[in-house]
Amino acid sequence: MSSKLSGKTAFVTGASRGIGRAIALRLAADGAKVALNFSSNVPKAEEVKAAIESAGGTAMLVQGDVSNFAVVTELIKKVVDEWGRLDILINNAGITRDNLLLKMSEDDFDKVIATNLKGVFNCTKAVTKMMMKQRGGRIVNMSSVVGLKGNISQANYAAAKAGIIGFTKSAARELAARGVTVNAVAPGFINTDMTAALSEKVKEVMMQEIPAGRMGTPEDVANAVAFLVSDEAAYITGQVLSVDGGMAM
Ligand code: NAP
């Protein structure tokens, strides 16, 4: 364990699997206490908590739906009551409901916006007052290459991920003078359950668009997040950092 983030506390949404899991493990390895948010997968979340604890770190589970403002407010309060402060928020939870516009239902659109975009608002809103008062904090929002370029069958997801970029820049402007940075990370094609669900044909097409010639790992994304929440990134705010093997350029 390193001590880069010792004394700091973090709240990571969607921390039971994939990218969120890798971020939680990395922040804990860097010395932060980590609150692990997730939606329903208790065994997977417990596995992450156990991995952090067996490496000598501290973690707590905060299960709940990020699209529900009242729930999120309660979860953040629980963490602050227990650990006294919250220094880092990683808005990572996300879902897909892919379909061509012709076939996309209103519910497919609403669910993705509610989780992927409103979830970011909910969690950010819940920590803003405290971070401003603390005169310090780090917020990292998970956007996507799809938010930069759009993608067939992902109008809902692209709208949410592009929305996150506008949200990030607005929040960054509002909070900068209080020492709170707000940045976005835009992963490309990362090896997680989300991409495992894609057909082989779609995966082949995606692979052809990656100059680096390989899928990214959740750890590739966690490395970027670890930098953005560190003291070294104190003067970086309102940015979108692509972690995509060159896919978006
Ligand atoms: P994943 O493997 O499908 O994991 C999604 C995580 O989000 C799980 O921990 C899940 O919890 C949680 N979650 C889903 N809905 C939630 C809700 N309403 N409230 C709280 N937690 C919720 O996804 P991933 O691939 O790691 O993606 C993580 C983030 O990166 C997402 O925002 C995604 O859009 C973005 N991203 C991914 C890629 C990629 O290639 N994988 C590329 C660009 C951007 P449960 O385990 O309980 O279901």
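The values are calculated or read from the model by the stated rules, or taken from the named source; none is laboratory data. Fair warning: this is a prediction, and the values are worked out from it, not measured in the lab. Glycine gets a Cβ as well: all are built from the backbone with ideal geometry, and neighbour counts include every protein chain shown. Note: areas computed on protein heavy atoms with side chains; ligands, DNA, RNA excluded. Shrake-Rupley method; radii C 1.70, N 1.55, O 1.52, S 1.80 Å.
Among the residues of region 28-47, is there at least one that is surrounded by fewer than 21 Cβ atoms within 10 Å (Cβ to Cβ) and of a type in the set (Val, Ile, Thr)? Yes, region 28-47 has at least one match.
For the structure I just gave you, tell me whether Asn122 is open to solvent by 30 Å² or more (accessible area, probe 1.4 Å) and within 20 Å of the chain's Cα centre (by Cα). Criteria not met by Asn122. Considering region 48-60, and only residues there that are assigned to a helix (DSSP H, G or I) and open to solvent by 10 Å² or more (accessible area, probe 1.4 Å), the residue that is nearest to Val79 (Cα to Cα) turns out to be Lys49. Filtered by the rule that a residue be open to solvent by 80 Å² or more (accessible area, probe 1.4 Å) and either without any contact (Cβ under 8 Å) to a residue 24 or more places away in the chain or outside any helix (DSSP H, G or I) (or both), region 188-203 gives Asn191, Ala197, Glu200, Lys201. In contact with a strand residue (DSSP E or B) (Cβ under 6 Å, 6 or more places away or on another chain), open to solvent by less than 50 Å² (accessible area, probe 1.4 Å) and either at pLDDT 95 or above or assigned to a helix (DSSP H, G or I) (or both): does that describe Ala159? No, not satisfied.
Only one of the numbered conditions (1) near the ligand (Cβ under 9 Å from one of its atoms); (2) open to solvent by 10 Å² or more (accessible area, probe 1.4 Å); (3) part of a loop (DSSP other than H, G, I, E, B); (4) touching a Phe, Trp or Tyr at 6+ places or on another chain (Cβ under 9 Å) is violated by Arg97, and that is (1). Return a yes/no flag: does region 36-46 have any residue that is in contact with a helix residue (DSSP H, G or I) (Cβ under 8 Å, 6 or more places away or on another chain) and not in a strand (DSSP E or B). Yes, some residue in region 36-46 is in contact with a helix residue (DSSP H, G or I) (Cβ under 8 Å, 6 or more places away or on another chain) and not in a strand (DSSP E or B). Of everything in region 171-187 that is of a type in the set (A, V, I, L, M) and outside any helix (DSSP H, G or I), the residue that is farthest from Leu241 (Cα to Cα) is Val180. Of all residues in region 78-104, those satisfying the criterion of being among the charged types (D, E, K, R) and in contact with a helix residue (DSSP H, G or I) (Cβ under 8 Å, 6 or more places away or on another chain) are Arg85, Asp87, Arg97, Asp98.
Give me a count of the residues in region 204-221 that are of a type outside the set (D, E, K, R), in a loop (DSSP other than H, G, I, E, B) and either open to solvent by less than 40 Å² (accessible area, probe 1.4 Å) or within 13 Å of the ligand (Cβ to nearest atom) (or both). So the count comes out to 3.
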